[in-house]
1. Kindly indicate which of Ala170, Ala188 is out of contact with any Gly (no Cβ under 6 Å at 6 or more places or on another chain), farther than 30 Å from Val102 by Cβ, hydrophobic (A, V, I, L, M, F, W, C) and at pLDDT 95 or above.
2. Only residues that are part of a helix (DSSP H, G or I) and under 12 Å from the mean Cα position of the chain (by Cα): list them for segment 95-124, please.
3. With the structure loaded, tell me whether Ser60 is more than 16 Å from the chain's Cα centre (by Cα), at pLDDT 95 or above and polar (S, T, N, Q) or whether it fails that test.
4. Looking only at segment 82-114, count every residue that is under 15 Å from Ser60 (Cα atoms) and polar (S, T, N, Q) and tell me the total.
5. Can you give me the number of residues within segment 125-162 that are part of a loop (DSSP other than H, G, I, E, B) and either of a type in the set (A, V, I, L, M) or farther than 22 Å from Gly92 by Cα (or both)?
6. Check segment 202-212 and report whether any residue there is over 25 Å from Thr83 (Cβ atoms), at pLDDT below 95 and not polar (S, T, N, Q).
7. May I ask you to list the residues in segment 39-57 that are polar (S, T, N, Q) and either under 16 Å from the mean Cα position of the chain (by Cα) or not in a strand (DSSP E or B) (or both)?
8. I'm checking my understanding of the structure. Among residues of segment 75-94 that are without any contact (Cβ under 8 Å) to a residue 12 or more places away in the chain and part of a strand (DSSP E or B), which one is surrounded by the fewest Cβ atoms within 10 Å (Cβ to Cβ)?
Amino acid sequence: MASQSFILRFCLICLSILFTRCSASNSTQINTFTCSSKTPSSCKALLYQHNGFQKDEIASLYSVDISEIKQISYPNRQDNLVTVDCSCKNVGGTVGYFYDTVYRLKPNDTFYNVSNQLFSGQVWQVAAEDTNLTAGLDLKIHLLCGCVEKDSQVMVTYTVQAHDTVSSIANLLSAQVDEIENLNPYLAQNPSYIDIGWLLYVPMEKDGIPPPKKGDKDLTEYQNFQY
């Protein structure tokens, strides 16, 4: 009986570890957008900022002019789209699209807090650069972005928030659901499931999505956000 009890406890521990690892992998979908011969080496891109900062604070954090920040208003909060110069480069051995800025470290800063509380979880972590987070030093921030093939679109880097669905994100940012799924391959496993903190690349139509045709019951709502 004692041996059976030990085996049972051992199996439960193994299952717990496996579940934890699976959960961790599901909640950390943060990938670079791959450079290709079909996309330009540099472009204007948008970063979705949801940390609740004022425009002047965002301009300072992202090293951009206030004119490059566009507000998106909700009943209970205000988010922002930040226009940046996105380019294909090699960062710590990883080739992808990035926008770089510099952040002056404060006491007790961690990479997680800087990325999630200041830059909406969109910072690419480079181990060699992020080990010495000493207050007063400048940390180079590599923000994830992307360039699209179509001139009619602009890429938005978006971090999934509570209650989001791929459809609601597409509606918010004037994008097509199938195009979001195509640009984010890990959605193919289960398109109906996304988790808070996942990073998505959203190809936004600059002139908005055309209104649905009359009588189309499946398209009763649409977003006409214009860049």
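1. Of the residues listed, the single one that is out of contact with any Gly (no Cβ under 6 Å at 6 or more places or on another chain), farther than 30 Å from Val102 by Cβ, hydrophobic (A, V, I, L, M, F, W, C) and at pLDDT 95 or above is Ala170.
2. Within segment 95-124, Ser115, Asn116 meet the criteria.
3. Yes; evaluated as a whole, the condition is true for this residue.
4. The number of residues fulfilling the criteria is 2.
5. Residues in segment 125-162 being part of a loop (DSSP other than H, G, I, E, B) and either of a type in the set (A, V, I, L, M) or farther than 22 Å from Gly92 by Cα (or both): 13 in total.
6. yes
7. Within segment 39-57, Thr39, Ser41, Gln49, Asn51, Gln54 qualify.
8. Here the residue is Asn90.
The values are calculated or read from the model by the stated rules, or taken from the named source; none is laboratory data. Computed from a predicted structure; not experimentally measured. Using ideal geometry, Cβ is built from the backbone for each residue, glycine included, and neighbour counts are taken over all protein chains shown.
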